[in-house]
Amino acid sequence: MKLTSGAIGCLLPLSLCSLMFAGSAPSPQPPRSLEGMTDRYLTEIVEAQWKKRAEALGAIRTPEDVHARKEYIREKMMQAIGGEFPEKTPLNARIAGTLERDGYRIEKLIFESLPNFYVTANVYVPASGQPPWPAVLGTAGHSGDGKTADLYQRVWISLARRGFVVLAYDPPGQGERSQYIDPATGESLVPGLNIGGGPSEHIMAGLQCLLTGTNVARYFIWDGIRAFDYLLTRDDVDPLRIGVAGNSGGGTQSSYLAAFEPRLAAAAPSCYLTSWEKLWGGTDSRLGPQDAEQVFVNFLKDGLGFSDFLIAFAPKPLQMTVATRDYFPIEGAKITHAEALRIYDILGKPECLGFFESDNPHGWHQEPREATYRWFARWLQDREDDGAEPEFETEKPQTLWCCETGQVATSLPGARSIQSFNQALAEELYAKRSGAGGRNIPDLVRARLGVDIERGAAEAAGNAAGLSSAIEEREGYRIERVELRPEPGIVVPALLFLPAGGAARKSAVLYVNPAGKEADAAEGGPLEAIARAGHIALAPDLRGWGESAYPIARRSYGKSNPNYQTVMRALLAGKNMVGMRVGDLLHAFDYLIARPDVDQARIAIVGKDNAASLGLLAAALEPGIAKIACAPLPPSYMDIVRKQGHSGIDEVVVPGVLKDFDLPDVIDALKPRMVWNVEKEDPDYAAWLAR
């Protein structure tokens, strides 16, 4: 909602306002847009990280250097997924049915990668030849049908007819393994999700896992490791000749398994490997971070990249299968191949790193499928194969179901989900959290959020000097525009509501609405009521909101929130949106206390929606914030992990926060300061400020 009527009647660009109200102001400049500002800021950070990584890779010159790099990769990636894997428990594997087909048979397998965490799989077994056969783990990409998608069936069948045992399994959230189903209704509990939709479930579970300091990728990887364990129980499988292959999301999983499963003999990931320099995308929403399992916290900060999955596997045979028109950019794939090939050269095995490029869009098209068959024939069967794939019929997905209903959640009593395992971990962490009852909250919040802006009233006042200009006179108050600069590359525009007359020093409020500073600025709105009651109000657009927000219609991978990819970019770079926005809010506080018309002892915060938690966290770090209104009180982090379906939580997630504290602990630490849970639709903020 734009500002209405008055002296100007609209919100003008700062340069134009300065010209009209400051007399001798410089000539107006073309209006500039803050859209994409946070991504540009993060891009500067990661460009420095990429340069440092390139130097580290360039310093690798000997096999001993390679070994040290492999150890570093394992250490950092293990930290990123939440630490070492759990102890292995019984697989309790069982065959639910068998289908006999021309040249192979299909076994419908169910096993438990964790207790009651059922993995549904199809095992394709050759009908001829002499066992033990080589085997391939088949990792499914983002298809609602998972392992049974027509495209993937073609790979599994073609390999089986060539003398490979194939274990093709459903990833979490796909095929028969939807993670958010209401058993009573069979409907999804994730807003906007179709059963088996994949990415939405991956993102939901991923955000919940971040709160416990883990990553949803942990469960994907563990499924693959336990699938390997199952293959070792079969007499018809050669344990020394087991590979992994997958496309898209399956390419992600096969790349991860190459890094995490040392028993693998060969790998062939398709349509995933690129470089972050090319995938990053900046303000281009067609690129950038995608599913939550594809984003490791601190990945770029720790100097890691796509080629590290290959380096971890070196010098064992791995073929990159790439497409020229993929949205995983081909230019990045070539960079990653060159980085890894140098390592394979150092180890004396350059022939073990393959690169197959086809002129296709994203997908496991026939040419790359046939290249995969040739690769495994060469390295797991020690023979040449033309890779030709004839036309043949595939099965209907229902024919290949392992469960009666086609869903584990509604077929197998006691079936558990990622959410249930993550909740159990959260309960353990919560019982041991160091900030229970409000203990040591300022230090814990500062460390967990990584708030590192320069603080101080003089700093804030200096950064805003010359950037304040009147834009509208209204009855009983005026509105000025202020631009704050909490750190290089970040502009926080704000509207300052200044009452006419009254005491020389007035109480003040920081009023933060994720919808933007103008959302409540119209005549008759809550900011007007605050100003007419004699209180100063500063309504800032924290980074990514208001002027620096993306349009709501902007595509952001798998989410209605257009800031999802920005949130994920921050995590890759070692930042988090909550910490950065709290820093902006504290800088706005410092600006207020620097003003001679503000009573420093009476500064409050009003935080609406996702800004409510920011207000609490900012108050934990700044004792000068006298009271806080949350409209409404945000859910606790434990509320988020205990419930299955949520929306709009990506912007409030703090990785690992439940190891230290929850929001009720922050509220405890704020006592005796007032925290108001605003539940009314039309709250009287002016009366609250006057108390």
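Throughout, read-outs are computed from the coordinates displayed, never taken from laboratory work. As the structure is a computational prediction, the values presented were derived from the model and not from experiment. Backbone-built Cβ (ideal geometry, glycine too); neighbour counts: all protein chains shown.
Less than 16 Å from a label point 7 Å out along the Cα-to-Cβ axis of Ser128: which backbone N atoms in the range 141-172 qualify, by residue? Zone members listed by number: 158-165.
Sort Ser358, Ser548 so the one with the fewest other Cβ atoms within 10 Å of its own Cβ comes first. Show your work: numbers first, answer last.
Values: Ser358 20, Ser548 25.
With the fewest neighbours first, Ser358, Ser548 line up as Ser358, Ser548.
Other residues within the sphere of radius under 11 Å centred on the Cβ of Asp308, judged by their own Cβ, net out at +3 (K and R +1, D and E -1). Computed from the Cβ-Cβ distance with R0 of 56 Å, the FRET efficiency linking Ala54 to Glu475 stands at 0.40.
If the limit is 26 Å between Cα atoms, which of Lys643/Lys671; Lys147/Lys643; Lys517/Lys627; Lys70/Lys301 go over it?
Values: Lys643/Lys671 28 Å; Lys147/Lys643 28 Å; Lys517/Lys627 20 Å; Lys70/Lys301 17 Å.
Table pairs above 26 Å Cα-Cα are Lys643/Lys671; Lys147/Lys643.
Take each peptide in 57-68, 583-594, count the other Cβ atoms within 10 Å of every residue, and average; sorted highest first, the result is 583-594, 57-68.
Given the Cα-Cα distance of Glu681 and Arg455 and 0.36 nm per residue of separation, how much length would full extension add, in nm? Before the final figure, lay out the partial values.
Details: separation 226, 0.36 × 226 = 81.36 nm, distance 3.48 nm.
Extra length from Glu681 to Arg455 when fully extended: 77.9 nm.
Computed over neighbours whose Cβ is under 13 Å from that of Tyr256, the net charge equals -3, Lys and Arg +1, Asp and Glu -1.
At 0.36 nm per residue, minus the direct Cα-Cα distance, what do Lys643 and Asp182 gain on full extension? Give it in nm, one decimal, please.
Fully extending the segment from Lys643 to Asp182 adds 164.8 nm.
Converting phi to 3J(HN,Hα) with the Karplus coefficients 6.51, -1.76 and 1.60 and the offset θ = phi - 60°, the range 615-630 yields x, 5, 5, 5, 5, 5, 8, 10, x, x, 7, 6, 7, 9, 10, 10 Hz in sequence order, with x at every glycine or proline.
Calculate, in nm to one decimal, what Tyr327 and Ala424 gain on full extension: separation in residues at 0.36 nm each, minus their alpha carbon distance.
Working: separation 97, 0.36 × 97 = 34.92 nm, distance 3.69 nm.
Extra length from Tyr327 to Ala424 when fully extended: 31.2 nm.
By definition, a body whose alpha carbon gyration tensor gives a ≥ b ≥ c is rounded when a/c is under 1.5, and the range 61-429 falls into this rounded group.
Remark: spin-label model distance Asp229-Ala601 equals 6.4 nm, labels positioned 7 Å along the Cα→Cβ axis.
Amide H to amide H distances under 5 Å link Lys506 with Val598, Asp599, where only residues 5 or more positions off or on other chains count and H is placed in the peptide plane. Each part reduced to its alpha carbon centroid, the range 629-673 and the range 382-444 end up 24 Å apart. Place a label point 7 angstrom from the Cα of Ala503 along the Cα-to-Cβ direction, then list the residues of the range 596-610 whose backbone nitrogen is under 18 Å away. Under cut-off, by backbone N: 596-605.
Ordering Val578, Ala687, Val512 by Cα displacement along the dipole of the chain toward the positive end leaves Ala687 in first place; charges were set at the Cβ atoms of Lys, Arg (+1) and Asp, Glu (-1).
Placing +1 at every Lys and Arg Cβ and -1 at every Asp and Glu Cβ, with all other atoms neutral, what dipole size does the range 61-429 have around its Cα centre, in debye to the nearest 20? Present the calculation step by step, with values, prior to reporting the outcome.
Details: 34 positive and 49 negative charges, 92 e Å.
Charge dipole of the range 61-429: 440 debye, to the nearest 20.
In a DSSP loop and with at most 15 other Cβ atoms within 10 Å, the chymotrypsin sites (Phe, Trp or Tyr not before Pro) in the range 344-435 are Phe392.
What is the fewest-to-most order of Lys301, Lys608 by other Cβ atoms lying within 10 Å of their Cβ?
Values: Lys301 17, Lys608 20.
Result, fewest neighbours first: Lys301, Lys608.
Think of each Lys and Arg Cβ as +1 and each Asp and Glu Cβ as -1; about the Cα centre, that makes the dipole of the chain roughly 1080 debye.
Modelled label positions at Arg101 and Lys432, each set 7 Å beyond Cα in the direction of Cβ, lie 4.7 nm from each other.
Convex hull volume of the C-alpha atoms in the range 486-631, normalised per residue: 112 Å³.
Near Arg161, once Lys and Arg are set to +1 and Asp and Glu to -1 for all other residues with Cβ below 12 Å from its Cβ, the sum equals +1. For Gly354, the residues 5 or more places off, or on other chains, whose built amide H falls under 5 Å of its own are Leu318, Gln319, Met320.
Note on the chain: dipole from Cβ charges, positive end direction compared against Pro350, Gly58, Ile603; the farthest Cα belongs to Ile603. Long-range amide H contacts for Leu273: which residues qualify at under 5 Å (H placed 1.01 Å from N, peptide plane, sequence gap of 5 or more or a different chain)? Placed amide hydrogens put nothing under 5 Å from Leu273. Modelled this way, with points 7 Å down the Cα-to-C-beta line, the labels at Glu84 and Ala68 are 2.5 nm from one another.
Of Glu389, Glu176, Glu473, the sequence from fewest to most neighbouring Cβ atoms within 10 angstrom is Glu473, Glu389, Glu176.
Using R0 = 41 Å, the C-beta based FRET efficiency linking Phe392 and Asn92 works out to 0.75.
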